[in-house]
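I have placed the structure first, in the form of structure tokens, so that the comments after it can refer back to it.
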Amino acid sequence: MSTPNSPELTVYFDGGCPICRREIAVWKGADGADRLSWVDASAEDAELGRDLDRPDALARMHVRDADGQLIGGAAAFAAMWRAFPKTRWLGRIAGSRVALWVLEPAYRLFLKVRPLWRRA
């Protein structure tokens, strides 16, 4: 359940992935980023919650909404985009069933090649 001091969204990202780190740095600098909480899942002291373990958090994007619901994959990106004023419209479109039907397989394909960048 949401409280007045809880973030609108908690974003779990792989700080060990150069692409992820750069993308999150852009979002952290965007208007509205102060309403979100940012958790580097690669950090030893990262608090992930009972329902998210480190391997899962590092394997794909996750967010937790203010009500505590954990969202993963392309739907997590859509939720994050909805949290920002300039990309709210994109998040609404990307979060639709039709868009997720396309975006989730594309994201899974990206996840297969992402380890190549993580090693770099």
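Pairs linking a residue in the stretch 83-101 that is part of a helix (DSSP H, G or I) to a residue that is acidic (Asp, Glu), with Cβ atoms under 9 Å and 6 or more positions apart or on different chains, are 85/31; 86/31.
Note on the stretch 61-120: residues that are open to solvent by 70 Å² or more (accessible area, probe 1.4 Å) and aliphatic (A, V, I, L, M) total 6. Within the stretch 18-34, residues that are within 13 Å of residue 86 (Cα to Cα) have Cβ atoms under 9 Å from residues that are at pLDDT 95 or above and open to solvent by 100 Å² or more (accessible area, probe 1.4 Å) in these pairs: 30/86; 31/86; 32/86, counting only partners at least 6 apart in sequence or on another chain. The single residue among 45, 40, 53 that is open to solvent by 40 Å² or more (accessible area, probe 1.4 Å) and touching a residue at least 12 places away in the same chain (Cβ under 8 Å) turns out to be 40.
The values are calculated or read from the model by the stated rules, or taken from the named source; none is laboratory data. Note that this is a predicted model, so its numbers are computed, not measured. Heads up, the Cβs are rebuilt from the backbone with ideal geometry, glycines too, and the neighbour counts pull from every protein chain shown. The area values use the complete protein model at the heavy-atom level, side chains included, leaving out ligands, DNA and RNA. Shrake-Rupley method; radii C 1.70, N 1.55, O 1.52, S 1.80 Å.
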